[in-house]
Amino acid sequence: MADNSFGQLFSFTTFGESHGPGIGCVVDGVPPRIPLSEALVQPYLDRRKPGQNRFVTQRREADSVEILSGVFEGMTTGTPVAMLIRNTDQRSKDYGDIARQFRPGHADFTYQQKYGIRDYRGGGRSSARETASRVAAGAVADLALKHILGDGFRIRGGVVQIGQHPIDRNRLDWDETANNPFFCPDPVAAVAWEAVLDEVRKAGSSAGAILEIVADGVPPGLGQPIYGKLDSDLAAAMMTINAAKGVEIGGGFALAAMDGAEAGDEMRAGETGPEFLSNNNGGVLGGISTGQQLVVRLAIKPTSSILTPRRSVDLDGADVDVVTKGRHDPCVGIRGVPVAEAMMAITLLDALMRHTGQCGLGADA
């Protein structure tokens with residue numbers, strides 16, 4: 001009933017709080033004989049960790065991962081992989097003033113209503129700090145998928161809009177995501193966003209974002225209709241991410257404005273089989289992967305922790321004005337990119353294992 005786990009055949013359970021001694025995960029169902037080490041997992045965490053530039057929280061965490069089990073002589077053993085990330089830069093005193101207040105937009109009120117108690121230090125379990133554990137689990141999934149599917153498999157993600165400022169898709173270049181602090185695939189938009197977020201920070205506020213995650217080299221056939229559809233599993237995975245408020249697959253909501261002749265992905269005979277002439281459905285039909293690029297977008301709301309006074313109430317029901325101190329992301333969507341990539345990898349590996357469990361590897365998987 002606690003629901004701290006995700007996945008079926010490949011699954012993970014996270015533990016820990018924002019200001020506790022540490023956070024971590026236990027990953028179960030890991031295929032055996034997959035090369036795995038702390039050195040292989042650490043680069044995934046380094047992309048998510050805080051304090052790397054002025055556009056993210058200045059909390060300084062090394063996010064160094066420790067593998068406690070499930071690996072022997074550099075290979076997975078098929079037993080649970082437990083990983084620990086110790087917290088080293090907590091400032092719990094920053095939250096003393098809000099111990100009895102509910103921050104607007106946060107989970108303070110709902111956690112109090114559900115459990116009758118809450119860890120107010122950085123939000124405790126509801127903090128985005130928990131997502132480091134997902135990235136560690138996602139690293140295991142991504143490494144396993146690359147080992148199983150080969151060099152053609154790749155997951156890439158980026159921020160395609162901050163606030164009201166989208167990228168120009170004519171300039172979209174996924175390689176550019178490594179060249180700016182926003183994981184932005186448009187180098188011109190990345191420069192413009194610096195000024196946008198500087199203004200947001202100076203105003204004591206925050207901005208939302210839209211993330212796009214794509215996967216290449218996904219074999220056809222993944223997904224379990226009717227209630228285990230690949231797109232529904234992906235939507236569920238993305239909606240578990242902090243501050244996520246919307247998910248679309250492929251053309252998503254824009255498909256509602258198209259007519260049927262435009263929206264359907266037509267096919268023609270190719271040298272190795274049918275070839276799609278478009279990908280409006282984002283690589284999924286009937287809940288099953290088509291073998292095309294898998295495309296997922298998610299909307300991330302503005303960070304709720306801001307310096308601007310906000311109206312709320314306290315534990316006694318009295319009106320208060322809340323000002324959140326501490327170190328927070330002016331746009332939490334930026335560091336959400338590696339988290340969303342991780343959830344994509346976890347969902348795909350679980351889907352691949354479920355598919356092969358029922359249908360075998362087949363000719364295309």
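Filtering the range 1-38 to residues that are surrounded by fewer than 16 Cβ atoms within 10 Å (Cβ to Cβ) and within 21 Å of the chain's Cα centre (by Cα) leaves ALA2, ASP3, ASN4, SER5, GLN8, GLY22, GLU38. Is one or more of the residues making up the range 144-160 under 30 Å from TYR115 (Cβ atoms), of a type outside the set (S, T, N, Q), open to solvent by 10 Å² or more (accessible area, probe 1.4 Å) and in a helix (DSSP H, G or I)? Within the range 144-160, not a single residue is under 30 Å from TYR115 (Cβ atoms), of a type outside the set (S, T, N, Q), open to solvent by 10 Å² or more (accessible area, probe 1.4 Å) and in a helix (DSSP H, G or I). Of the residues screened, GLY157 is one that is of a type in the set (Gly, Ala, Ser) and within 20 Å of VAL218 (Cβ to Cβ). The set of residues in the range 165-194 being open to solvent by 60 Å² or more (accessible area, probe 1.4 Å) and either in a helix (DSSP H, G or I) or among the polar types (S, T, N, Q) (or both) consists of ARG169, ASN170, ARG171, ASP175, ALA178, ASN179, VAL188, VAL191, GLU194.
In the set VAL284, VAL218, VAL295, VAL200, only one residue is buried (at least 18 other Cβ atoms within 10 Å of the Cβ), in contact (Cβ under 8 Å) with a residue 24 or more places away in the chain and under 15 Å from the mean Cα position of the chain (by Cα); that residue is VAL295. Tell me yes or no: at least one residue of the range 71-94 is surrounded by fewer than 18 Cβ atoms within 10 Å (Cβ to Cβ), β-branched (Val, Ile, Thr) and modelled with pLDDT of 95 or more. For the range 71-94, residues surrounded by fewer than 18 Cβ atoms within 10 Å (Cβ to Cβ), β-branched (Val, Ile, Thr) and modelled with pLDDT of 95 or more: present. Do we have any residue at all in the range 213-224 that's closer than 29 Å to PHE55 by Cα, assigned to a helix (DSSP H, G or I), at pLDDT 95 or above and not small (Gly, Ala, Ser)? Checked the range 213-224: no residue is closer than 29 Å to PHE55 by Cα, assigned to a helix (DSSP H, G or I), at pLDDT 95 or above and not small (Gly, Ala, Ser). On inspection, SER278 fails the criterion of being open to solvent by less than 10 Å² (accessible area, probe 1.4 Å), of a type outside the set (A, V, I, L, M, F, W, C) and in contact (Cβ under 8 Å) with a residue 12 or more places away in the chain. For MET239, which of the numbered conditions (1) under 30 Å from GLY105 (Cβ atoms); (2) open to solvent by 50 Å² or more (accessible area, probe 1.4 Å); (3) more than 14 Å from the chain's Cα centre (by Cα); (4) hydrophobic (A, V, I, L, M, F, W, C) fails to hold? MET239 satisfies all of (1) under 30 Å from GLY105 (Cβ atoms); (2) open to solvent by 50 Å² or more (accessible area, probe 1.4 Å); (3) more than 14 Å from the chain's Cα centre (by Cα); (4) hydrophobic (A, V, I, L, M, F, W, C) except (3).
Considering the range 39-60, the residues that are surrounded by fewer than 16 Cβ atoms within 10 Å (Cβ to Cβ) and at pLDDT 90 or above include one that is nearest to GLY336 (Cα to Cα), namely ASP46.
The values are calculated or read from the model by the stated rules, or taken from the named source; none is laboratory data. These figures come from a predicted structure and were not determined experimentally. Please note: Cβ atoms are built from the backbone with ideal geometry, for glycine as well, and neighbour counts cover all protein chains shown. In case anyone asks, the SASA skips ligands and DNA or RNA and just uses the protein heavy atoms, side chains included. Shrake-Rupley method; radii C 1.70, N 1.55, O 1.52, S 1.80 Å.
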